[in-house]
Amino acid sequence: MWGGKLHYNRPLMAVTVPSFAKINLGLYIGPPGVRDDGFHELRTVYQTIALSDSIRVDIKSGTGVEIKSKNKRVPEDESNTCWKAAERTMKTLRARGRVVIQIEKNLPVQGGMGAGSSNAVATMFGIERALKQRLDCNQRMRIAEEIGSDVPLFLLGGTVLGISHGEQVFPLQDVPELHLVIATPEVPVSTPKAFKRWDELFAESAPANGKGGGNGSGAPQLTAAGQTDKLERFSRELYSWLCGPASGVPANGGDRAEALLLDLVRTGIENDFERVIFPQYPDLREVKRAVERTRARYVSLSGSGSTIYGIFDSAAAAQQAAKELNAKDIPAQATRTLGRAEYLKAVHGA
Ligand code: C5P
């Protein structure tokens, strides 16, 4: 039983909160077996984007949580991230009531866009707004970390540095608005399984019988030292992004988005999950190639996939690319990055 100190004189208003997606602008995974908790060390830059699910929170009399969704792939039990967020938020606020959560899904389930994680934060904010009570920053962060590695980033929104296993987040200066195409092939990818496969790739790369080993795929071998080097290199690359031309108006009066794109391409920012996912799902590699052929400036898998995003020079170019991909039966839509101020205003209903 929850502590329940609140008594409501009148029915509480239902609140609807947009639940935005994210992409990863680069993602580096550390070698297996380093952390005591079994997680993998990560370095990534998360970026929220203007595609969203919608979470409606209604607090009624009674106790417990109820989840409703028309999408059959959304679990309606305690395994749902929204359920976990609702239980923890009510308990921390010492509030009473039955939390009814309606999830309107536009984002793919297990798509690498953090939809489930974002849904959890939208639920937390929805309950706060419905009850007109606020968690403090530390309470929000504790709940978010308990639910999953990708959840805390949605407390901040915009451009966010993620370290440790992805749950330690730091707001970065927002990148300039970028025009995107998000391709969402219908391949649900399990993130825990992708990490497991990463560990297997390391084992396969280990030298065998003193003959040097190899993973037989022709791809560069994975070694603990090499991967640790890559994590460090990413930190340095990020530092040069942050103090390079992309962080401010370039001296020559050029375009900040253009400078950022040049930085991304020049430094070869990549997503390590591509090494795991593309050999397992060759169709996804083909989708990446198809997006590249639409004259995208930069294309990458997001998270562990299956979402693949492309960055374009203009909204018109992104829309044209989405049309071309749809004509090839690849589900895709044009959108843009969502900066922190706009994100926070939308989720807090300010
Ligand atoms: O934190 P989250 O629930 O998203 O993680 C799901 C699973 O993915 C974890 O239980 C762990 O097996 C794996 N994981 C990992 N390293 C990370 C993040 C997740 O091994 N950095």
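For a straight C-alpha distance cut-off of 27 angstrom, the lysines reachable from K288 (same-chain residues fewer than eight places away being disregarded) are K22, K105, K193, K196, K230, K323, K328. Note on R295 and K196: their simple-model spin labels are 4.4 nm apart, each label 7 Å out from Cα toward Cβ. Using a Gaussian network model of the chain in which every pair of alpha carbons under 10 angstrom is joined by a spring, one finds that among M124, M90, M113 the greatest mean-square fluctuation is at M90. Taking the charge dipole of the range 272-350 about its Cα centre, with +1 at Lys and Arg Cβ atoms and -1 at Asp and Glu Cβ atoms, the residue from V287, Q319, I330 reaching farthest to the positive side is Q319. Stretching the chain fully between E78 and D229 yields a gain of 50.4 nm (0.36 nm per residue, less the alpha carbon separation). Charge tally around L178: other residues with Cβ under 14 Å, Lys/Arg +1 each, Asp/Glu -1 each, net -3.
Excluding S240 itself, calculate the net charge of residues whose Cβ lies under 11 Å from the Cβ of S240, where each Lys or Arg counts +1 and each Asp or Glu counts -1.
+1
Evaluated with a Cβ-only charge set (Lys, Arg +1; Asp, Glu -1), the chain carries a dipole of roughly 1060 debye about its Cα centre, given to the nearest 20.
Among S306, S61, S240, the largest mean-square fluctuation in a Gaussian network model of the chain (Cα springs under 10 Å) belongs to S61. Between S164 and D255, the contour length at 0.36 nm per residue exceeds the alpha carbon distance by 29.5 nm. When the Cα positions of G62, V169, H40 are compared along the charge dipole of the chain, G62 comes out farthest toward the positive end, with charges on each C-beta of Lys, Arg, Asp and Glu.
Length gained on full extension, E204 to D136: 19.9 nm, using 0.36 nm per residue less the C-alpha separation. Its DSSP H runs of at least 4 residues, each contributing -39,500 (n - 2.57), put the calculated 222 nm mean residue ellipticity of the chain at -12000 deg cm²/dmol, to the nearest 500. Packing, taken as the mean count of other beta carbons within 10 Å per residue, orders the peptides 327-337, 177-187 from highest to lowest as 177-187, 327-337.
Since every read-out is calculated from the coordinates, none of them should be taken as a lab result. Keep in mind that what you see is a predicted model, and the values were worked out from it rather than measured. Every residue, glycine among them, receives a Cβ derived from its backbone with ideal geometry; neighbour counts consider all protein chains shown.
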